[in-house]
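The values are calculated or read from the model by the stated rules, or taken from the named source; none is laboratory data. On a predicted model such as this, the values are computed, not experimentally measured, just so you know. All Cβ positions, glycine included, derive from the backbone under ideal geometry; neighbour counts span all protein chains shown. Ligands, DNA and RNA are excluded from the accessible area calculation, which covers all protein heavy atoms including side chains. Shrake-Rupley method; radii C 1.70, N 1.55, O 1.52, S 1.80 Å.
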Amino acid sequence: MYASREDIEYDFGDDSKVRSKPIKPNPNIDGGWAWMIVLSSFFVHILIMGSQMALGILNMEWLEEFNQSRGLTAWVSSLSMGITLIVGPFIGLFISMCGCRTTAIIGGILNALGWILSAYAANVHYLFLTFGVTAGIGSGMVYLPAVVMVGQYFQKRRALAQGLSTTGTGFGAFLMTALLKYLCAEFGWRNAMFIQGAISLNLCVCGALMRPLSPKDLREKYVVRSDSEENRAKALSHSTETVKSNGVLGEEPEKKEEAANEEVLGSVQHIEIGGKSGSGRSMYGLRLFKTVSQLTVTVRKGFALWYSSYFGAASLFTNRVFVAFVIWALFAYSSFVIPFIHLPEIVKQYNLSRQDNVFPLTSIIAIVHIFGKVILGIISDLPCISTWNVFLMANFTLVTCILTLPLMQTYLGLAVVCALIGFSSGYFSLMPVVTEDLVGTKHLANAYGIIICANGISALFGPPFAGWIYDITQKYDFSFYIAGLLYMVGIIFLVIQPCIQKKQPREKSTEEAQV
């Protein structure tokens, strides 16, 4: 019924070379330091995503402090969550130039600075800049490298590794909610944000653990992956040649770029050697010039890779399945965020506050969400199971729950639906795996940056849109129905496009045979 992962893969050149020569795999791939990367990513999800899911505590404090409308105050949290994901494509540029480790460390400092500066806020608009923008950008600079590094260090157990690391979101929701409640009660919300800023500096430690793989290690990973998928590579050889003919896999521009860069650095080195007999001041100037030249070459190379991924001949948007994936992401994330924002009000309207205070429905979603990520990751890593099919089935389950949630008016019915929402939304751990299967490891950072950017747009406008629908109809039912129908449209794109992608090469080969 569904296309398999092999059917949807779009070759960007990472797996096109199939070598038969056995190479001893790096012990750090799928083992060793790879599990430290998982631990680092786990704490990143606790400190970033967990904190954002607990912002309701601070939102109540801001309402009392600044006495502004609920809609205006809610944009502080919405901006922080949305910008964290929206800046993904631009963070890909930093990763291309500086690497994941440096990007994450800078992001950790920026995130902590946003929390600390927000402690001195005089109004809500100040929080838009300090917490919404500054802390949001910092969060994005740490979140994307945390996801990309797990994808680089794992080959056979990528889904499980991503599932384990992203369970930090559920754990963080519990830990940060309890922590912020305690800090606000004991020290006030301003001191609580100051302390949280100090805690966020641990993101720099998480970034320091993101030890980059050497180019040799990455090549060995590609070889192992190619050997294990030789049949798939042969099956896709025709489409690969087509992509090459369109210039997607052309390596000549890259070689020319590298030759030009080497020529620049070589000339600088020649000048430096020739000037050794000069004064110390001249030598200092030459060294400074060499450093600037190396930095310029690094920036040019990183920007060229980033620009070609989005706008050049090797643009990711030439992959139609990836475009369908982006369209899906524009509608999907809001269906997960809307229940977290509006369920408390729904419970109040149904007079279920007493039961909800004992065990909140949002807590049910968060708890089951943890198990959903791990279990779906384990299932996806089974040899006989397609990650793509698991991903689609989880999406169908989630959209069904969103559409049926307004029909439930008892606590038990709502609890069952919320549990299913939490479990099926565990597909978030599969998103990096599916993205890597679509575009390859080389383009993972930029591609996943686009996906989380689309998710950020969905998170930014989804909850306010649901509130606007409520203001018109005085019911939340239509908010869930509209969000669910838009989500279904995105899923249909995911189902149809791979079938079209698979059908086109067959039609072309038939025409060639007739000729």
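Before moving on, here are some points about what is shown:
- Remark: segment 305-504 carries 39 Å² of accessible area per residue (probe radius 1.4 Å; ligands, DNA and RNA excluded).
- Sequence-distant residues sharing a close amide H with Ala119 (under 5 Å, placed H): none
- At q = 0.07 Å⁻¹ the log10 of I(q)/I(0) for segment 305-504 amounts to -0.23, computed by Debye summation with a single uniform scatterer per C-alpha, solvent ignored.
- Anisotropy class of segment 27-213 from Cα gyration tensor, a/c 1.5 cut: prolate
- In this simple spin-label model, placing a label point 7 Å from the Cα along the Cα-to-Cβ direction at both Ser293 and Thr473 gives a separation of 6.6 nm.
- With the whole protein complex present, Met393 retains an accessible surface near 100 Å², based on a 1.4 Å probe.
- Given Lys181/Lys475; Lys181/Lys348; Lys373/Lys442; Lys181/Lys373, the pairs whose alpha carbons are separated by over 23 Å: Lys181/Lys475; Lys373/Lys442; Lys181/Lys373
- Rounded accessible area of Ile86 (nearest 10 Å², 1.4 Å probe): 40 Å²
- Net length available on complete extension from Glu64 to Ile385 is 110.4 nm, with 0.36 nm assigned per residue and the Cα-Cα distance removed.
- The spread of Cα positions in segment 44-96, taken along each principal axis and listed from longest to shortest, comes to 44, 22, 12 Å.
- Averaging Cα coordinates gives a centre for segment 387-421 and one for segment 114-173; these two points are 26 Å apart.
- The overall shape of segment 352-409, judged from the alpha-carbon gyration tensor, is oblate: a/c is not under 1.5, and a/b is no greater than b/c.
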